[in-house]
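Q: What follows is a structure written as C-alpha cells; I'll ask about it next.
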Amino acid sequence: MSRGFNLKIGSKIIYKDLVIGNVKDLRFTKNKKVLATIHINKEHEYLLNKNTIFYLDDFKFSLSKIENLSGAVLGSNIKVVAGDSTLKQSVFDLITYKPIEEFDKDGLRVIVNAKLKSSLKQNSPVYYRQLQIGV
C-alpha cells in the first residue's frame, strides 16, 4: 500500500465481526510503499487463500452517513472477506474500500461510464421500466 491509512501496530484484523489477528509491524519498502506484517490466529489460517480480500475499515463521513465512528478514535482496522480458492497465499494487497457484496454472484455485469456521477454510489438500485433489476 502507498499510505499507512491510520493503521498502527496492534490494529485488529476482523472477519465476520471476530478479531482473528492483528498488525505486527509497519515499515517502508525500498520503493516507498508501506508493508504491514500481520499475524492471523492459527485457527483462522484457512482464510489465507488466493482470492481472499483484505480491505481497510476506516472512518468515513458524508452527508448521508457516518461509517466506523470508532475508527476516528481508535484507528483503522483491516477486514477480511473470505475467498473460496484452495490455493494458499501469504502476500495480499490492501484495498481501501469495502468490496461490493454481490460482485461474485451470478448475473450480468455492466459498466457504465459518465462524465458526472450525480448521486450514484455503491449499491444504488438499477431500474428498467420502473422495475429494479440490479444494483
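The values are calculated or read from the model by the stated rules, or taken from the named source; none is laboratory data. Owing to the predicted nature of the structure, the values given are computational and were not obtained by experimental measurement. Please note: Cβ atoms are built from the backbone with ideal geometry, for glycine as well, and neighbour counts cover all protein chains shown. Surface accessibility is based on the protein's heavy atoms, side chains included, excluding ligands, DNA and RNA. Shrake-Rupley method; radii C 1.70, N 1.55, O 1.52, S 1.80 Å.
Q: Highest first, please rank the peptides 43-49, 91-97, 11-17, 75-81 by the mean number of other Cβ atoms sitting within 10 Å of their residues.
A: 75-81, 11-17, 43-49, 91-97
Q: Further question on the same structure: Provide the solvent-accessible area of Val19, counting protein heavy atoms only and rolling a 1.4 Å probe, rounded to the nearest 10 Å².
A: Surface accessible to solvent at Val19 totals approximately 80 Å².
Q: How much length would be gained if the chain were fully extended between Leu26 and Leu131, taking 0.36 nm per residue of separation minus their Cα-Cα distance, in nm to one decimal?
A: Working it through step by step, the gained length comes to 33.0 nm.
Q: Determine how large the accessible area of Arg27 is when every protein chain is in place; take a 1.4 Å probe and give Å² rounded to the nearest 10.
A: Rounded to the nearest 10, the figure is 110 Å².
Q: Using modelled backbone amide H atoms (1.01 Å from N, in-plane), which distant-in-sequence or interchain residues come within less than 5 Å of Ile14's amide H?
A: For Ile14, the qualifying residues are Ile20, Ile78, Lys79, Val80.
Q: Too long at a 23 Å Cα-Cα cut-off: which of Lys8/Lys32; Lys88/Lys121; Lys12/Lys42; Lys30/Lys88; Lys12/Lys98?
A: Listed pairs above 23 Å: Lys88/Lys121; Lys30/Lys88.
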